[in-house]
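Structure record follows, encoded as structure tokens.
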Amino acid sequence: MVRQPWCAALFGMTVTARHPGLTFLALGTLTGLTAALAGAAPTPPASAWNARTLGTATYVILDPRIEGNPNILNPEQRAGILGAMQRDSGSAIKRRYPGATVAADSGTPGAIRVTPVLVAPGALVPWAKLNARLDFDLPGGERVSLNETFGLLTLWQYQAEAANYVYGELAKRLP
């Protein structure tokens, strides 16, 4: 397994809708921003976004993405990180909701589609931060995103378990 630098510090949560209505999108964004500034989690617009529904849902982990500056990693490191993101995000959801199912088939009907995303920093320096995100596309068309910012120095301490730590921290914030 490839060892990678990662770590934990600040967090934020945004809620956006997939629907084209600008007002709905703006309202969801403002609600998320206001709640994040107040230190509380925003109330997502989706009725399916509750512990009871999520605890028994079927999830499909889609291909993870690295945004920002992916060129700070060589192809072998990138492949190792993407594999860990896919594996560890599904494991984190399963730990949070033992009654949930993580399916491999992206065509599974009624499944919540989850996209793990990392936003890489501009440079690999100890004080740099990266943002980890899980985008949940609910069967009703809504999208809920959980974000958290992690400092590289702290994540470096987790070495090969860094992705497990990152997505475990995000999963703790699920309802």
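Key figures for this structure:
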{"quantity": "Other-chain or far-sequence residues with amide H under 5 Å of residue 112's (modelled H)", "calculated": "58, 59, 60"}
{"quantity": "Residue-span extension gain [residue 156 to residue 123] - 0.36 nm each, minus C-alpha spacing", "calculated": "10.4 nm"}
{"quantity": "Cα shape, segment 73-173, gyration tensor, a/c 1.5 rule", "calculated": "prolate"}
{"quantity": "Under Karplus coefficients 6.51, -1.76 and 1.60, residue-wise ³J(HN,Hα) of segment 47-64 in Hz, glycine/proline x", "calculated": "5, 7, 8, 8, 4, 5, 5, 5, x, 10, 6, 9, 10, 10, 8, 7, 4, x"}
{"quantity": "Gain on full stretching of the segment that runs from residue 53 to residue 76 - 0.36 nm per residue minus C-alpha separation", "calculated": "4.5 nm"}
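Computed from the coordinates by the stated procedures, all read-outs in this text should not be read as laboratory data. Computed from a predicted structure; not experimentally measured.
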